[in-house]
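J.: Just passing along the structure, written as structure tokens.
The values are calculated or read from the model by the stated rules, or taken from the named source; none is laboratory data. Just so we're clear, the structure is a prediction, and the values are computed from it rather than from any experiment. Glycine also receives a Cβ, built like all others from the backbone with ideal geometry; neighbour counts cover every protein chain displayed. Remember, those area values only see protein heavy atoms, side chains included, never the ligands or the DNA or RNA. Shrake-Rupley method; radii C 1.70, N 1.55, O 1.52, S 1.80 Å.
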Amino acid sequence: MRRDENAYQAWLWGEVLLLSLLGAALALFVTYPSLRDTYELPQLRLVLDTGVTLAALIVAVLAGIRFTVEGRRLDFLLCGGFFAAAASTMAFSVAPVFDGGTVGKNEAWAGVAAKLLATALIAAAPFTRGRVLARQRALRWSILALLCLEVAIWLLARSLSGGMPELLSGDDQPLLLVVTLALQAFLSLVALVGFGLRFRNYGDDLYRWLGLATTLALFAELHYVFTPVVSSSFVSQGDFLRLTSYGVLMTGVWRAMRFAEFGRAVAEERARVAREIHDGLAQYLFTISTHASMLEAGTATDRTVAQIKLAAAMAQQEARFAILALSSASGTAPFDIALRRYVDVLTADGALDVELEVDPGLSLAPDEQIEVFRIVQEGLANVRKHAGADRAWVLIGQRGPERMVVVRDDGAGFESDRDPGGQGLKNLRDRAAAIGGVFSLRSTPGQGTAVEVTLRA
């Protein structure tokens, strides 16, 4: 909690500094009208509008992916808002200027109205709660509804064309446009407050980035209030602030997705370790408790003390396995060191001798390292539990253009045409498939078993 409070205070002071700097710059623009010049650069305007369209679309896609995974209404509204922003910029700012065209009055007013809709959806996002169950269907229908709504906005602007004022380049703009842009700025301020409160209450890194991006968007809208250029030929300072805000948004949403993916991987691995603790350590502790109760009741046999000592030794080893697995699940131990530690723990009781060979020149990506560690761990666990082997060999190296992981033992083996099944082998196949590897199993009765995973170069 203390760390989250410090992070919020740091973000808050950063926001105060950013607001002060942007506010001072805006004050200069208001005080000195000569600084509010616009520039007739049609090619640059097209590049900026295209960049905004692509950035908004990417943010919408990333938010949509988060929504399909987690189902939060916040992501649902963010996806809808940024999709509406991308669609409106593309339809009413980019498409009309292809082949040397210009943005007409109908397209300009439709673009203003559609961007107001997008800003309203984004401003409402931080104040929503709960999750959506039918995620895929909700996302499809919402995108279709937004497309239909933008078409309706364009048709409405076209039908009211005669009564709508012209949008001119310069300061002499209709009051309706200035009021609409001011409303967009107000909605951006509402979104900034909402994301700030979210970050204070939940400490999610995503809200920090959303707040920063919304701050930039707020001042972009304020610049538009004082230089309301709606043209395909002119650019202003607000255009650059708007594009920067979308760049910050993409960074924040992408970071949030990466953190969520890492968190789910760690949670899954810890859940697996918890199951192993339940299946291993908990059973040995239950055995110790049972035999201790026999001693207390005076019904113990001659072997009771020996069985308690054996169960305690096995429980100690299982505890070491669990600690090692948890440390590797959090990514704190290097791949080869964690692997050698695991082998040392596994062979400490002398029941199995393991020879480990890791090619120092072999290159493995971080996700491959995690899965290869688990493959070796699962393979040696199967050898220890089921193979009846005295020795095992682990080879991680290169064979021609291919990288390979081999776990071989001198145990009892089985007929190679018979699938032994079991959860252990299923886990090995799944882990190999997760990193694009090819799983193979060879076994001969009386001559042991070899598990091999071949990775693409």
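J.: As an exercise: evaluate Val52 against (1) farther than 26 Å from Ala25 by Cβ; (2) in a helix (DSSP H, G or I) and give the number of the one condition it does not meet.
T.: In the conditions (1) farther than 26 Å from Ala25 by Cβ; (2) in a helix (DSSP H, G or I), Val52 misses (1) alone.
J.: Restricting attention to segment 194-207, report how many residues are surrounded by fewer than 23 Cβ atoms within 10 Å (Cβ to Cβ) and in contact (Cβ under 8 Å) with a residue 24 or more places away in the chain.
T.: Final tally of qualifying residues: 8.
J.: Oh, and also: Just the residues that are modelled with pLDDT under 90 and hydroxyl-bearing (Ser, Thr, Tyr), please, taken from segment 181-202.
T.: If the condition is that a residue be modelled with pLDDT under 90 and hydroxyl-bearing (Ser, Thr, Tyr), then Tyr202 is the only one that fits.
J.: Only residues that are of a type in the set (Val, Ile, Thr) and touching an Asp or Glu at 6+ places or on another chain (Cβ under 6 Å): list them for segment 66-109, please. Outline the logic, then answer.
T.: First pass over segment 66-109, keeping only residues of a type in the set (Val, Ile, Thr): 68-69, 89, 94, 97, 102-103.
The answer is Thr89, Val94.
Here is a yes/no grid of residues against (1) closer than 30 Å to Leu395 by Cβ; (2) at pLDDT 70 or above; (3) open to solvent by 80 Å² or more (accessible area, probe 1.4 Å); (4) part of a helix (DSSP H, G or I):
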site	(1), (2), (3), (4)
His278	no, no, yes, yes
Phe286	no, no, yes, yes
Leu295	no, yes, yes, yes
Met314	yes, no, no, yes
Ile323	yes, no, yes, yes
Ile337	yes, yes, no, yes
Arg341	yes, yes, yes, yes
Glu355	yes, yes, yes, no
Ile375	yes, yes, no, yes
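J.: Evaluate segment 82-92: report whether one residue or more is part of a helix (DSSP H, G or I), without any contact (Cβ under 8 Å) to a residue 40 or more places away in the chain and not aliphatic (A, V, I, L, M).
T.: No.
J.: Please specify each residue of segment 377-394 satisfying the condition of being of a type in the set (A, V, I, L, M, F, W, C), part of a helix (DSSP H, G or I) and farther than 16 Å from Lys426 by Cα.
T.: From segment 377-394, those of a type in the set (A, V, I, L, M, F, W, C) are 380-381, 383, 387, 389, 392-394; that's our starting set.
Then keep just the ones that are part of a helix (DSSP H, G or I); that gives 380-381, 383, 387.
Ala387 - this is the single residue of segment 377-394 that is of a type in the set (A, V, I, L, M, F, W, C), part of a helix (DSSP H, G or I) and farther than 16 Å from Lys426 by Cα.
J.: Out of segment 84-109, which residues are of a type in the set (A, V, I, L, M, F, W, C) and open to solvent by less than 40 Å² (accessible area, probe 1.4 Å)? Before the answer, list the steps.
T.: Start the filter on segment 84-109 by keeping residues that are of a type in the set (A, V, I, L, M, F, W, C), which leaves 84-87, 90-92, 94-95, 97-98, 103, 108-109.
Selection gives Ala84, Ala85, Ala86, Ala87, Phe92, Val94, Val97, Val103, Ala108, Trp109.
J.: Follow-up. Looking only at segment 112-139, count how many residues are more than 22 Å from Ala63 (Cβ to Cβ) and surrounded by 22 or more Cβ atoms within 10 Å (Cβ to Cβ). Write out each step before concluding.
T.: At the first step, the residues of segment 112-139 found to be more than 22 Å from Ala63 (Cβ to Cβ) are 112-113.
Going one step further and asking which of them are surrounded by 22 or more Cβ atoms within 10 Å (Cβ to Cβ), we end up with 112.
Going through segment 112-139 one residue at a time, the tally reaches 1.
J.: With the requirement that a residue be modelled with pLDDT of 85 or more, out of contact with any helix residue (DSSP H, G or I) (no Cβ under 8 Å at 6 or more places or on another chain) and open to solvent by 70 Å² or more (accessible area, probe 1.4 Å), what does segment 434-453 give you?
T.: Answer for segment 434-453, where residues must be modelled with pLDDT of 85 or more, out of contact with any helix residue (DSSP H, G or I) (no Cβ under 8 Å at 6 or more places or on another chain) and open to solvent by 70 Å² or more (accessible area, probe 1.4 Å): just Arg442.
J.: A further question on this structure: Hey, any hits in segment 221-228 for a residue that's more than 29 Å from the chain's Cα centre (by Cα), open to solvent by 40 Å² or more (accessible area, probe 1.4 Å) and at pLDDT below 80?
T.: So far as segment 221-228 goes, yes, one or more of its residues are more than 29 Å from the chain's Cα centre (by Cα), open to solvent by 40 Å² or more (accessible area, probe 1.4 Å) and at pLDDT below 80.
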